[in-house]
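Rule-based calculations on the coordinates, nothing more; no lab input. As the structure is a computational prediction, the values presented were derived from the model and not from experiment. Cβ atoms come from the backbone with ideal geometry, glycine included; neighbour counts cover every protein chain shown.
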Amino acid sequence: MSYKENTKEIDIVYQSKENNTPSQEFIYVVPMFPYPSENIHMGHVRNYTITNVITNYLRLKGKSVIHPIGFDAFGLPAENAAIKHQKSPNEWTENNIAKMKSNFTDMGFDFDWSTCTQTNHPDYYRFEQEIFRKSYKAGVIYKKSQYVNFDPVDKTVLSNEQVINGKGWRTGADVIRKKMPMYFFNMKKYAKELYDGLNDLKKWPKDVIEMQRKWINYQTGEYFRYDINDNQIDVFKGKNEDNCIIIGINHAFVETYKNNDMDFQNWLNENEKGSVSQKDSFKKETMFDTGLYTLINQKKYPIFIDMNMEDECYFTKRKMTGMFSKEIKAINSYQGEFIGLKDWCISRQRYWGAPIPMINCQDCGDVVDENFVELPNHLIPDVGNALEKEKSFMKCVCSSCGKEAFRCSDTMDTFVQSSWYYHYYITKFFGAHHGIIKKETQIDYYVGGIEHATMHLIYTRFFHKVLRDFNYVSTDEPIKKLITQGMVCKKYINQEGKQVSAKMSKSLGNIVEPADYIEKYGSDALQMFIMFAAPPNQSFDFDDAGIIGCHRFLDDVYRYYFEENKAEKIYSEDKCQETMKKMQIEFDKEFETRFNMNTLISKLMITFKMMKKTNFINQNIKYDCENIFIKYLEVFAPKISFFIKKNIF
Ligand SMILES: [Zn+2]
């Protein structure tokens with residue numbers, strides 16, 4: 001039977017592969033976990049193929065590896081789908097997870113299934129509530145009311161990072177400003193450490209480091225102190241920040257200034273709309289000219305209030321022309337630090353999330369709920385927060401005075417769950433005898449999209465440091481080596497009739513389904529093509545010719561091992577052995593340095609061609625070469641290699 005006819009059998013044999021039992025000393029290869037969508041897409045396939053290849057290589061080298069998987073199971077899309085289909089988000093989520101698990105098996109990903117974690121399971125967020133309580137008591141989480149970005153479609157608060165050009169990152173709706181009481185992680189407290197720590201992340205891509213550096217924006221410089229209407233304001237001046245002063249709308253100064261300036265009051269009323277996003281700052285319509293200015297070294301600096309900023313104020317190099325009608329003089333100046341990083345608002349006014357363990361008592365005010373708060377998972381949501389309407393959830397007993405009180409109906413941002421899931425995998429793998437967190441855990445290889453450079457990857461670093469300060473972990477950073485994968489694109493015909501390349505998306509109609517290609521060419525050919533098309537960090541165009549080429553190669557390999565080899569024998573045994581040795585060295589080198597897997601696949605193909613045309617005289621040498629080749633092929637094409645090994649070696 002040919003390779004193609006035998007793929008079902010190869011699949012069945014592969015499923016008999018034994019489970020992994022690593023020792024306590026292991027290499028930890030973690031792909032960013034998926035959101036449970038209906039079926040896996042090529043982006044998933046690429047992400048998990050990369051970690052699968054790393055895992056296979058390390059295991060080939062005799063290393064003990066854990067390759068986990070889980071699901072980022074809370075969040076808005078599940079809730080929106082639930083509203084649309086009138087079923088519980090739990091049902092939608094569990095269905096999708098079951099489908100994705102079967103997709104992963106079809107792909108031949110060698111995950112350690114015992115690690116499989118779902119963030120919507122009570123045992124997962126139980127620990128998160130514990131961290132919330134500790135953080136709140138330690139002042140790492142605090143409550144405050146402030147203007148926030150509010151998405152009028154999803155009816156939820158968005159973080160600055162979730163606002164893109166004034167629109168909600170998911171709905172695309174114009175974001176509006178609203179003042180609300182919410183819970184925040186005090187990230188500013190960790191800003192300097194997060195900033196300085198970037199220097200130690202030697203195995204991270206430089207562009208990610210640069211993006212985080214800009215985002216955290218930690219600087220030292222000079223502060224100028226002013227007194228305006230009996231309000232003291234301290235304005236930071238960094239290097240070259242040399243044109244005007246801007247003050248955030250949430251600054252204490254603004255409240256009193258409002259009462260003293262009718263023009264500003266009117267302007268404020270007219271500008272209800274618009275986000276609080278950092279990215280939208282400096283647009284003229286969001287800036288109010290106070291007419292005030294200050295003079296430093298003969299240079300005039302006008303003072304503006306910025307609708308899009310929070311409570312910071314500083315000099316900026318942005319060019320703005322002011323009215324310059326009234327000068328104010330600095331009382332003094334001093335050296336200090338400036339932090340661009342915002343505190344992390346984790347309150348979400350939505351149902352499908354981990355409940356925030358806080359109680360509001362008429363007598364005691366905000367009280368920490370000392371009991372585990374389980375989310376009722378049967379609710380069918382409507383627009384707004386279904387928890388608020390669920391009396392059995394909302395009514396509770398005050399932890400402090402014992403009287404009847406109400407729970408906080410907010411749930412936590414899903415980025416909280418994705419900040420520590422890699423710890424829970426380990427708990428599931430080894431059992432909980434370490435406690436929920438195994439102290440030494442760090443990720444050796446972390447693979448995911450570059451779009452997570454600032455949000456997820458800063459939150460994860462921050463959360464790790466919080467865990468460290470509560471004595472759960474013994475290290476400063478969670479991730480040793482980071483690999484950011486490029487996009488999977490596909491050519492399509494645009495409106496002008498031109499063929500162009502773009503990331504696969506529904507709207508462009510240039511999506512190809514992994515399942516179709518698995519069916520046609522097998523998952524090995526798909527995995528191999530994905531790795532052959534480009535180095536992991538670069539984008540590439542998906543094309544059928546590439547995958548067909550990989551399939552043909554695997555078919556050739558299959559024939560070599562199971563049929564008579566009729567190729568002309570032109571190479572000596574020595575030459576073949578030498579090429580095998582070179583190939584192995586090349587593998588070690590790429591995995592140590594550049595991770596250009598595509599060159600390794602070329603190497604495999606060249607080596608195979610040579611082996612096929614080798615005039616073997618010594619049967620031991622032949623056995624050795626064939627054995628080595630199949631072991632290295634297994635890194636990229638696990639199923640067929642396992643089948644050949646089982647039948648021949
Ligand atoms: Zn009370």
Given only helices, namely DSSP H runs of n ≥ 4 each adding -39500 (n - 2.57), what is the per-residue ellipticity at 222 nm of the chain, to the nearest 500 deg cm²/dmol? -12000 deg cm²/dmol
Helix 42-60 against the longest principal axis of the chain: what's the angle in degrees, Cα atoms only, rounded to the nearest 10? 60 degrees
Going toward the positive end of the dipole of segment 218-339, with +1 on Lys and Arg Cβ and -1 on Asp and Glu Cβ, which of 313, 251, 231 do you reach last? 313
0 to 90° range, to nearest 10: angle between helix 597-612 axis and the chain longest Cα axis: 0 degrees
What list of ³J(HN,Hα) couplings, whole Hz, do you get for segment 62-72 from phi and the Karplus terms 6.51, -1.76, 1.60, once you set θ to phi - 60° and write x for glycine and proline? x, 7, 8, 10, 10, 10, x, 8, x, 9, 7
To test your reading of the geometry: what angle, between 0 and 90 degrees and rounded to tens, separates the Cα axis of helix 573-592 from the longest principal axis of the chain? 10 degrees
What are the ³J(HN,Hα) values, in whole Hz, obtained from phi via the Karplus relation 6.51 cos²θ - 1.76 cosθ + 1.60 with θ = phi - 60°, for each residue of segment 487-498 in sequence order, with x given for Gly and Pro? 8, 9, 10, 8, 5, 8, 8, 8, 4, 7, x, 8
Any idea what the dipole of the chain comes to, in debye rounded to 20, about its Cα centre with Lys/Arg Cβ at +1 and Asp/Glu Cβ at -1? 960 debye
Computed E for residue 203/residue 263 - FRET, C-beta separation, R0 56 angstrom, nearest 0.05: 0.55
Report the relative contact order of the chain, percent, no decimals, based on alpha-carbon pairs under 8 angstrom and at least 6 residues apart. 16 percent
Label point distance in nm, residue 143-residue 298, each placed 7 Å from Cα along Cα→Cβ: 5.5 nm
Run the paramagnetic zone check for residue 627: 7 angstrom along Cα to Cβ, then residues of segment 42-71 with backbone nitrogen under 17 Å. 60-62
Among 299-305, 524-530, what's the highest-first ranking by average C-beta atoms within 10 angstrom per residue? 524-530, 299-305
